Every structure is written in structure tokens, then in C-alpha cells.
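So the structure is just underneath, and the comments pick up after that.
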Protein chains: 2
Amino acid sequence: MPITVQFAAGPKLWPEYQAPLAAAFAEAGLDIAMTPEADPATVDYVVFAPGGTITDFAPYTRCKAVLNLWAGVERVVGLAGLTQPLCRMVDPALTEGMVEYVVGNVLRHHLGLDQHIRHQDGVWRNNLVPPIARERPVTILGLGELGAACGQALARLNFPVTGWSRTPKEVPGLRCLAGPAGLEAALDGAQVVVLLLPLTAETENLLNAGRIARMARGGFVINPGRGPLIDDAALLAALDTGRLAHATLDVFRTEPLPPAHPFWGHPGVTVTPHIAADTRAPSASRVIAENIRRGEAGEPFLYRVDRARGY
Amino acid sequence: MPITVQFAAGPKLWPEYQAPLAAAFAEAGLDIAMTPEADPATVDYVVFAPGGTITDFAPYTRCKAVLNLWAGVERVVGLAGLTQPLCRMVDPALTEGMVEYVVGNVLRHHLGLDQHIRHQDGVWRNNLVPPIARERPVTILGLGELGAACGQALARLNFPVTGWSRTPKEVPGLRCLAGPAGLEAALDGAQVVVLLLPLTAETENLLNAGRIARMARGGFVINPGRGPLIDDAALLAALDTGRLAHATLDVFRTEPLPPAHPFWGHPGVTVTPHIAADTRAPSASRVIAENIRRGEAGEPFLYRVDRARGY
């Protein structure tokens, strides 16, 4: 008898997840029948996401676990009839994806690749040889798991990396600064600034005109953190005057970024559509498969939500 | 009395090297007067490049060394009156610059950055989340100093890297293959192929139609090695049919690449103007300064050319 899994994360995610989940189940040696629709009384596990297709979990009488596809479960924990074990997603690919996005875009700006990508016009522009990484100071604002991992990956490529955090931290390979005075020092002369801070009342508009003015002239800003960390008007003004050369932005105050927003048309801005740290179907599918394997083996689930705390 | 240095590498290089050399001399604590023109009898050191402004070194009677800016000295050793010690350039930045170019372009293709760089048109294209690096096999053809360094940098970013060389080599962190059968296996399913082979009769047109067909459909080719390693017609055909997604090429059979060459206008090709492994003025200037410091201290010069061998 195959294990019955209902994919109740919604029809938009089904095409993205169907094949990776099937592959992960096969890899884990699980015999699974998975469908978007099922008789609730026959379902062994539910794969879910906020906004998914189940509104009442009470009829899922033999369901051993509800496996959420995202890390956040604040829109799931309160759903009607949900008494089954609930597991959130901790995708090991998230940090790796962020490191790849940050290193890729730092190198892209460092190497001046855009001029070649955009101007395939027969002109041999070899007049501007880029410096090497060890001559290009990079500053990471935020030294949580993502900021520390990005900083260390850049340091391994020889970039001199300064990391800043609100409270003092030590990250091997980085010059680490902290607090308000440390922030000014961290920005002084930085040629690339990467924002990976959490969004709080203190960090909103943290990168403002005065702080941009501390960076090296012609510098680059990369924001894969949170949109409101940057004072958008100050950023555009700095790009207009050439104070900054370019900004690559992955997060915005409103997403999707409205088509009329000045970031879209600005030659000094590259908009990427919140792709830096997305859940990846193959790695997330392996986490789902591992939890089903655990459920079948009677082992404790990974990332099980504590309902008293709500996460 | 300052040390007199004549910058005789030609007027084109003077603007690029004047400031970096001055900075390197200051860093080394050297008191130096440097000019493009000087009375030969007063010159202590000559900074030179093939095609430079001195045709007869005989009048440079007190010159302690001729310091070449490039690695190759085949157009220098035979110059009239050149009996002074001659040193070639070994720029430590060359390998680093190559690693940065290769890693930057692998990540650029891996992340699909071009679609965002080229299409800032208000459309939020977040449908295509890239895989993570550990799901993107990369193959490096050539495991010399450059190929090994690039492969290891990519492996540190989690790419599964296969390296191939004519004769067997071992590079930690890479799956290493060798010989003709190894070449086929190295290309099987590769999503990115980087060419860093020397150009020989055996390697000319090495990446031909049959070998491209072994790569993963929709793969990428990056060539910072030598232009003739690729069969250009086969490459264009593979791009036209979508067999390959993109090629980023830094080297060509004719350089500068002629404006009418089909590579320029092809949407699947990015031409970069031989920038992957250029000598960098700041690091090369430090090598020059170090050799002058050695000359003044009576220590042996670095990279001194053995005239009997010619290099």
C-alpha cells in the first residue's frame, strides 16, 4: 500500500513541486501516491503552504503530519481543525542561494560585466581592466547567518570584507564593527555595500544620504535584505549624480515592484524579483521526504512547530 | 639623491602606470624620480614593454636593470645594446583576476542575471528560481595553475566541479579526469564548461560539435583560455538551435574581434575584450618597486631573464 500524500499547497506550486517531490520520495525509498485532491480520510501526510487548498483539517483523521513548504507558519497554525503535528520548512538551500546571489552580483559589479552584456556592438572596450578583488573593499551590513556566510565567501575570494552588526560579533576572516560609530567606519570608503539586516524601527532607512556619502565615489549597493532598509529617494539621487555607480535590488517596499516605479527605468538600477533567498523545490522536497521517512519510522519530525510559541 | 627611473614602456601605458608606480615606490620607501624621457646617462632603472621608446640600450651606462611590464620578453631580449639585467613580470594578480572572471561569469549564468540586466521593463519575472550551485555541474578543461585555481574556487561555492587534463592530475576538491576517454566523461551532462587549456595542435578545435553534444542541453560555455580551442561554427550552430544557452568568450582567433564577426551580434554570445587575465597596474607596480628595492639593497632581482634560455 503506497503512502497517500495530498499536495494541498495550491495549484500554482504543483507544477514546480510535483517532479522534485517525486524524485525526493524515490531517493528516500518511499512508495508514495501524491495528488492535489484526495479523500481526507485516506491521507497520510499533507504538504501545505499558506493560502493552500484545505480550510478544515478535522476530516484528516489518519494524517500523521502537515508539512509546510515555507519557514513562516503564522498563517497556518490557526487553521480550523489543525491538531496534527505541523512542521515548518528549514531549507538548507536558502543560505547557499543567498551566498550565490551576493557573490555573483558583487563579482558582476567588480568585473564591470554589465558594459559587456549590454553593449555587444563590435567595440572592443579593453581600456578598463578591473582591479583585483583584494583592492575592492566590500562592507556587509548585518552579520546574522546570511551576512556572515556571504562575508566569508567574499573574503575567500580575497575581497577585504568589513561586517557590521548592531551588537558586537566576531566572524573569522572579516573585520567586524558594531554600533552607531562602527556603522560610519564600516561605510567609509566601501566600494560595495551589501544589506542583510533585519527590518526593525532602527534599521528602516538605515542607508540614507549621509551614509551613502561615506562610501567610495562610484560605489555599488546590493540589497537582498529588506526593501525599507534603504531611503529610496536618497539612493536615486546618489545614482543620478554618479555618487553611486549602480544598485542591484532584490527587495522593495511594495512587491512585485509596480511597473511605474522609477527603479525599473533607471539605468543605474537592476531590479531582481525577490530571488536571492527563495525556497528551492529540490532541497525543500528532500526535507519533506525526510520528514515522511521519519513519520513512517516512528522517529521525531524535523522542525516541528511548538504551538505554545507559535513557531 | 632620488633614484632615476625612466618609464620607457610607451605613452599608452604611462597614464595607466604613473600613479600605481608612484604609490608602489612610496609604499616600498623608495625615493624615486620617474619620467618618460631622461638623459640615458642618468638613468638607474628602465621600466619597459615590447614596443617601448628605447631602441638602443648602450647609452644607459649606469642602468642597474631593465624591468619589463609583461611576462613575455621574446621581443625585448634581442634589442640593441641590452646587456643590463633584464627582468620579466610575474604578476601575482593574474591568477586571482582569472579566478574572479571565471567565478563571476559562472555565477552570472548560474543565477540567470542577464535576463534581469537586459530587461528592466517593469515585468516581475520571479517564475524562474535558479537551482543552487550544488545542482549545477561545472567542468574545467585544463588543470594548470589557472584551471586548478578556478576549479577550487567554484568547488568552495558548492559547484560539483570536474576537471580534465591531458595527463592525469589530482586537484583537491575536484573530480579529476584525464586523456581522451576522460574528456568525453568530463563533458557528459556538464551544465557549464570553462576552457583553460594551452593551445596546441591537439587542443585546437577541441570543443567541437560532437563534444558540445555531450553537455547538458541549455548549457553554458566560458572561454578565457585561447580562441582556437573552440570550433566557432559548431558553437554558433549549437547556440542557434538552443543546444547551448550562452557562450561568454574572452579570447578569439583574431583580436580585437572584428566588428563584423557573428559573435558580436549573436544574442547567445557575450564578447569580453581579453580582460580575464590582464596584468594589473597596482600589483605589477609592486613587483617593479620590489625589484628596485632589491637592486638598491644589492639583493638578487626577481624573475631575472636567463639570456641563454631566452626567458
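The values are calculated or read from the model by the stated rules, or taken from the named source; none is laboratory data. This is a predicted model, so every value here is computed, not measured. Using ideal geometry, Cβ is built from the backbone for each residue, glycine included, and neighbour counts are taken over all protein chains shown.
Listing for the model above:
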| read-out | value |
| --- | --- |
| Unmet requirement for A:ALA284, which otherwise passes all of (1) assigned by TED's automatic domain parsing to the domain that holds A:ALA22; (2) crowded, with 22+ Cβ neighbours inside 10 Å; (3) at pLDDT 95 or above | (3) |
| Hits in region B:237-252 (condition: farther than 16 Å from A:ILE117 by Cβ and within 14 Å of chain A (Cβ to nearest Cβ)) | B:VAL251, B:PHE252 |
| Qualifying residue in region A:98-114 (condition: touching a residue at least 40 places away in the same chain (Cβ under 8 Å), in contact with a helix residue (DSSP H, G or I) (Cβ under 8 Å, 6 or more places away or on another chain) and closer than 30 Å to A:ARG307 by Cα) | yes |
| Filter result (modelled with pLDDT of 95 or more and among the β-branched types (Val, Ile, Thr)) within region A:129-149 | A:VAL138, A:THR139, A:ILE140 |
| Hits in region B:288-308 (condition: modelled with pLDDT under 95 and either closer than 22 Å to B:GLY225 by Cα or β-branched (Val, Ile, Thr) (or both)) | B:VAL305 |
| Extreme residue, farthest from the chain's Cα centre (by Cα), among residues of region B:100-117 that are more than 7 Å from every other protein chain (Cβ to nearest Cβ) and farther than 16 Å from B:GLY218 by Cβ | B:ASN105 |
| Scan of region A:139-161 for residues that are closer than 20 Å to B:CYS150 by Cα and either outside any helix (DSSP H, G or I) or charged (D, E, K, R) (or both), ordered by number | A:ARG156, A:LEU157, A:ASN158, A:PHE159, A:PRO160 |
| Residue selected from region B:259-294 under the condition over 22 Å from the mean Cα position of the chain (by Cα) and in a loop (DSSP other than H, G, I, E, B), by the criterion nearest to the other protein chains (Cβ to nearest Cβ) | B:PRO259 |
| Of all residues in region B:65-97 being part of a strand (DSSP E or B) and out of contact with any helix residue (DSSP H, G or I) (no Cβ under 9 Å at 6 or more places or on another chain), the one that is nearest to B:ARG293 (Cα to Cα) | B:VAL66 |
| Flag for A:ARG166 being under 17 Å from A:ALA234 (Cβ atoms), surrounded by fewer than 24 Cβ atoms within 10 Å (Cβ to Cβ) and among the charged types (D, E, K, R) | no |
